[in-house]
1. For the structure I just gave you, tell me whether K49 is modelled with pLDDT of 95 or more, basic (K, R) and out of contact with any Phe, Trp or Tyr (no Cβ under 9 Å at 6 or more places or on another chain).
2. Take I9 and decide whether it is touching a Leu at 6+ places or on another chain (Cβ under 8 Å) and assigned to a helix (DSSP H, G or I).
3. Considering only region 12-54, state which residues are polar (S, T, N, Q) and assigned to a helix (DSSP H, G or I).
Amino acid sequence: MNLNLRNAIIHNVSGNTKDELKDTIVDAIQNGEEKMLPGLGVLFEVIWKNSSEQDQQEMLQTLESGLK
């Protein structure tokens with residue numbers, strides 16, 4: 001069986017409201033389970049691909065600051 005994890009994750013959250021997406025993200029972070037990391041990565045990929053260069057730079061600044 002050839003399972004495309006990225007497509008499965010996107011399918012599972014497609015059509016969700018902002019509140020539902022926030023709940024998904026917050027739950028994944030609060031649970032701290034390793035199995036949730038791929039899903040968060042896919043969501044970040046969607047955000048990154050749909051962000052302007054300025055927004056990407058702001059995310060990178062936030063990430064850099066958070067890792068210090």
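The values are calculated or read from the model by the stated rules, or taken from the named source; none is laboratory data. Everything numeric in this text was worked out from a predicted model, so none of it was measured. With ideal geometry, Cβ positions are generated from the backbone for all residues, glycine too; neighbour counts draw on all protein chains shown.
1. So K49 passes the test.
2. Yes, satisfied.
3. N12, T24, Q30, N31, Q54
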